[in-house]
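> What follows is a structure written as structure tokens; I'll ask about it next.
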Amino acid sequence: MLEHLASHTTPSPRADALSWQEQALCSQTDPEAFFPEKGGSARPGKRTCHRCEVRAECLAFALANDERSGIWGGTTGKERRRLQRTLRGAGAR
Ligand code: SF4
């Protein structure tokens, strides 16, 4: 969880590419919602993502960086892996 939030606030050489994180709605809400316990509901975090203006940028970042845990861009890690497989399959055609 801290890793998720830290990535939204830690300055880095990638600062320009990460400027969308300044508008991250999750930084204003309960961080626990973005890392539900195993078997817990992802709905509260996803609900916040659906209202977030930088959802597309967040999802693109998670896919590009192979973020496997937590909710990013309104998706769970499992959903992102499925999306990656679909995208790889589409690229192979
Ligand atoms: S889409 Fe969700 S995880 Fe991404 S910055 Fe917005 S609220 Fe945070």
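The values are calculated or read from the model by the stated rules, or taken from the named source; none is laboratory data. Computed from a prediction, not measured in an experiment: that's the story for all the values here. Cβ sites come from the backbone with ideal geometry, for glycine too, and all protein chains shown count toward neighbours. We work out accessible area using only protein heavy atoms, side chains counted, and drop any ligands, DNA or RNA first. Shrake-Rupley method; radii C 1.70, N 1.55, O 1.52, S 1.80 Å.
> Please give the number of the condition Ala15 fails out of (1) of a type outside the set (D, E, K, R); (2) at pLDDT below 95; (3) within 12 Å of the ligand (Cβ to nearest atom).
(3)
> Does region 20-36 hold any residues that are of a type outside the set (Ser, Thr, Tyr), open to solvent by 40 Å² or more (accessible area, probe 1.4 Å), outside any helix (DSSP H, G or I) and within 8 Å of the ligand (Cβ to nearest atom), and which are they?
Listed by number, the list is empty, since nothing qualifies.
> Filter region 1-12 for residues that are farther than 17 Å from Val54 by Cα, within 15 Å of the ligand (Cβ to nearest atom) and either at pLDDT 95 or above or open to solvent by 90 Å² or more (accessible area, probe 1.4 Å) (or both) and give the result.
Passing the criteria: Leu2, Glu3.
> Residues being assigned to a helix (DSSP H, G or I) and surrounded by 13 or more Cβ atoms within 10 Å (Cβ to Cβ): count how many of those fall in region 48-62. Break it down stepwise before answering.
Going residue by residue through region 48-62, those that are assigned to a helix (DSSP H, G or I) are 48-50, 55-62.
In the following step, the residues that additionally are surrounded by 13 or more Cβ atoms within 10 Å (Cβ to Cβ) were identified as 48-49, 55, 57-62.
Residues in region 48-62 being assigned to a helix (DSSP H, G or I) and surrounded by 13 or more Cβ atoms within 10 Å (Cβ to Cβ): 9 in total.
Every residue, every condition in (1) touching a Cys at 6+ places or on another chain (Cβ under 7 Å); (2) within 18 Å of Glu67 (Cα to Cα), yes or no:
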site: Gln23; (1), (2): no, no
site: Asp30; (1), (2): no, no
site: Ala33; (1), (2): no, yes
site: Glu37; (1), (2): no, yes
site: Gly45; (1), (2): no, yes
site: Cys49; (1), (2): no, yes
site: Arg55; (1), (2): yes, yes
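> Further question on the same structure: Quick one: which residue in Gly77, Gly45 is touching a helix residue (DSSP H, G or I) at 6+ places or on another chain (Cβ under 8 Å) and open to solvent by less than 30 Å² (accessible area, probe 1.4 Å)?
Numbers: Gly77 fails: touching a helix residue (DSSP H, G or I) at 6+ places or on another chain (Cβ under 8 Å).
Of the residues listed, the single one that is touching a helix residue (DSSP H, G or I) at 6+ places or on another chain (Cβ under 8 Å) and open to solvent by less than 30 Å² (accessible area, probe 1.4 Å) is Gly45.
> Quick one: how many residues across region 46-93 are of a type in the set (Val, Ile, Thr) and closer than 20 Å to Ala17 by Cα?
First, the residues of region 46-93 that are of a type in the set (Val, Ile, Thr): 48, 54, 71, 75-76, 86.
Those left that are additionally closer than 20 Å to Ala17 by Cα: 54, 71.
The qualifying residues number 2.
> If the requirement is being more than 9 Å from the ligand (Cβ to nearest atom), small (Gly, Ala, Ser), on the phi > 0 side of the Ramachandran plot and modelled with pLDDT of 90 or more, which of these qualifies: Gly74, Gly70, Gly39? If you could, list the steps in order and put the result at the bottom.
Values: Gly74 fails: more than 9 Å from the ligand (Cβ to nearest atom); Gly70 fails: more than 9 Å from the ligand (Cβ to nearest atom).
Only one candidate passes the filter, namely Gly39.
> While we're on this one: Pull out all pairs, ordered by first then second residue, where Cβ-Cβ is under 9 Å, the residues are six or more apart or on different chains, the first lies in region 63-74 and is farther than 10 Å from Phe34 by Cβ, and the second is away from the ligand (no atom under 13 Å from the Cβ).
Listed pairs, sorted by first residue: Leu63/Leu83; Leu63/Gln84; Leu63/Leu87; Asp66/Gln84; Arg68/Arg81.
> For region 63-74, enumerate the residues that are closer than 23 Å to Gly40 by Cβ and open to solvent by 60 Å² or more (accessible area, probe 1.4 Å).
Asp66, Arg68, Ser69
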